[in-house]
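Student: Structure below; questions to follow.
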Amino acid sequence: MGARRNPEAFLEQLEFNPDIILADYTLPRFTAPDALSLLQKTGRDIPFIVVTGSISEEAAVFCMKQGAADYLLKDRLSRLGEAVRHALHTQNLRLAQRAAERQLIVLGHAVDTSINAVVMTDIGGVITFINRAVLDLWSLDPDLSVIGTRLRDLLRAPAETERLLAHLTLQRSIKGEPIPPRARDGKWCCSMPQIR
């Protein structure tokens, strides 16, 4: 879709959900930067390519910073196919990333509200994630920030904690197995998994 000569016509054309927008940089009443700004206000993610007879480096950088996918000089339109393919590919990557982020949010919520205790640590045993079930299981204060805390510092069974950390260091799965020991209040949480 070429950018139309006024904002109203441009917005009208957006209703057809174009795959890509080609806009002339220097139309007298409605320039490519005007169209790009208007597109962004609509919140639509449509690749936008600026086409111009001549453009200063500053103007090109400005368009790219404002969200243009590319710009082409009219005497080099042989690049158009490549520019369109690249812009559409980049858009597909953005859409896939957003979908993955939405899935992670859903998964994160499911893990956080799971009745199963889930603790993630780095290789040194520093907690990077802990869900609500762990707080209940280990009698931890919900207001206590445990991210960045060493796992061994939360538990009162150092020997068993060391065995667990050694097991995790070997990167063997303990999925589905009970995780140790005594919580801060001294209660036994469950039995230690057998390390094979």
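Student: Can you work out ³J(HN,Hα) from phi for every residue in the range 106-116, in order, using Karplus 6.51 cos²θ - 1.76 cosθ + 1.60 and θ = phi - 60°, giving whole Hz and x for Gly and Pro?
Tutor: Values, residue by residue: 5, 4, x, 5, 4, 5, 5, 9, 5, 7, 7 Hz.
Student: So if we plug the beta-carbon distance of D19 and F129 into 1/(1 + (r/R0)^6) with R0 = 45 Å, what FRET efficiency do we get, rounded to 0.05?
Tutor: So the FRET efficiency works out to roughly 0.70.
Student: Simple spin-label model, 7 Å along Cα-to-Cβ: L93 to D122 in nm?
Tutor: 2.7
Student: Kindly report the accessible area of the range 30-106 per residue (heavy atoms of protein chains, probe 1.4 Å, no ligands, DNA or RNA), in Å².
Tutor: 63
Student: If you don't mind, there's one more thing I want to ask. Taking the Cα-to-Cβ direction at Q40 and at R5 and moving 7 Å from each Cα, how far apart do the two end points lie in nm?
Tutor: Going from the Q40 label point to the R5 one covers 2.7 nm.
Student: How big is the accessible area of V106 in square angstrom, nearest 10, if you roll a 1.4 angstrom probe over the protein chains?
Tutor: Its accessible surface works out to 100 Å², give or take rounding.
Student: Now a separate question. Sort the range 46-94 into rounded, prolate or oblate with this rule: let a ≥ b ≥ c be the square roots of the eigenvalues of the Cα gyration tensor; rounded if a/c is under 1.5, and if a/c is not under 1.5, prolate when a/b is larger than b/c, oblate otherwise.
Tutor: Judged from the Cα gyration tensor, the range 46-94 comes out oblate (a/c at least 1.5, b/c at or above a/b).
Student: Also, quick follow-up: First check a/c for the range 2-143, with a ≥ b ≥ c the square roots of the eigenvalues of its C-alpha gyration tensor; if it is under 1.5, answer rounded, and if not, answer prolate when a/b is larger than b/c or oblate otherwise.
Tutor: prolate
The values are calculated or read from the model by the stated rules, or taken from the named source; none is laboratory data. Since the structure is predicted, the reported quantities are computational estimates derived from the model, not experimental observations. In this analysis, Cβ positions are derived from the backbone assuming ideal geometry, glycine residues included, and neighbour counts consider all displayed protein chains. Side chains are part of the model used for accessible areas, which takes the heavy atoms of the whole protein and leaves out ligands, DNA and RNA. Shrake-Rupley method; radii C 1.70, N 1.55, O 1.52, S 1.80 Å.
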